[in-house]
Amino acid sequence: MLQIWARTTFFQVEPGEEEQTNPGVYGRAFAHWLAEKLKARGEAVREILPEDWGWCVILARSPYLLWIGCSNREGGTEEWGAFVTAEPGFLRRILRKPDTQPAIDRIQRMLLEIMKEIPGVTKVWSEG
C-alpha cells in the first residue's frame with residue numbers, strides 16, 4: 001500500500017485527541033485540513049472518524065467504501081502520512097468485485113499535490 005508522507009510542524013496535536021485514538025497517535029488537524037483541500041478540488045468528503053491507528057476521511061460509501069487514512073509517524077509530530085483504501089462490501093466482493101484502482105490512483109495523485117501545499121512542508125515522499 002502506497003503511503004504519502006510530509007515533513008512539517010504545521011499540524012498541532014489537539015487536546016483530548018489521544019482519547020479518540022491511542023496514546024501517541026495523532027492526525028485530527030491533518031485529517032480536517034486534508035478534507036478541506038479535497039473539498040476545494042471538488043471531492044466529496046462524507047465524514048472524518050477516529051480510529052485506533054489515526055483518522056479516517058471517508059470519501060464515498062458506494063459502490064465501495066473509499067477512504068483516506070491519516071496519522072503521524074510513530075514517535076513524533078513532524079511527519080504526517082496518508083494512504084488511500086477502497087473496500088467493496090461483502091456482497092459486491094462475492095458477486096463481482098468493482099475495479100477500485102482508478103479511484104485509488106486518482107486520490108493518490110491528488111494527495112501528492114495537496115501535501116506539497118502544507119504550510120512549512122520541507123519534504124514530501126512516498127513509501128510502499
TODO: For n ≥ 4 DSSP H runs only, could you compute -39500 (n - 2.57) per run for the chain, divide by its residues and tell me the 222 nm figure to the nearest 500?
DONE: -8500 deg cm²/dmol
- [ ] Quick one: angle between helix 101-115 and the longest Cα principal axis of the chain, in degrees between 0 and 90, rounded to 10, please.
- [x] 20 degrees
Task: Simple spin-label estimate for Thr85 and Trp53 in nanometres, 7 Å along Cα-Cβ - done: 0.5 nm
Open item on the list: What three numbers, in Å, describe the spread of the alpha carbons of the chain along their principal axes, ordered from the longest?
Closed with: 45, 30, 27
TODO: Report relative contact order for the chain in percent, whole number only (criteria: Cα-Cα under 8 Å, sequence separation at least 6).
DONE: 34 percent
Open item on the list: Under a crude label model (7 Å from the Cα following the beta-carbon direction), how far is Arg61 from Glu127 in nanometres?
Closed with: 3.3 nm
Open item on the list: Please list 3J(HN,Hα) in residue order for segment 33-49, calculated via the Karplus relation 6.51 cos²θ - 1.76 cosθ + 1.60 where θ = phi - 60°; whole Hz, with x for glycine and proline.
Closed with: 5, 4, 4, 5, 5, 5, 4, 5, 9, x, 8, 6, 10, 7, 5, 10, 10
Open item on the list: Going 7 Å from the Cα of Arg73 along its beta-carbon direction, which residues of segment 1-43 have the amide nitrogen within less than 11 Å of the resulting point?
Closed with: 5-8
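The numbers here are math on the coordinates, done by the rules we state, and not lab data. Since the structure is predicted, the reported quantities are computational estimates derived from the model, not experimental observations. Don't worry about glycine lacking a Cβ; one is built from the backbone with ideal geometry, like all the others, and counts go over all protein chains shown.
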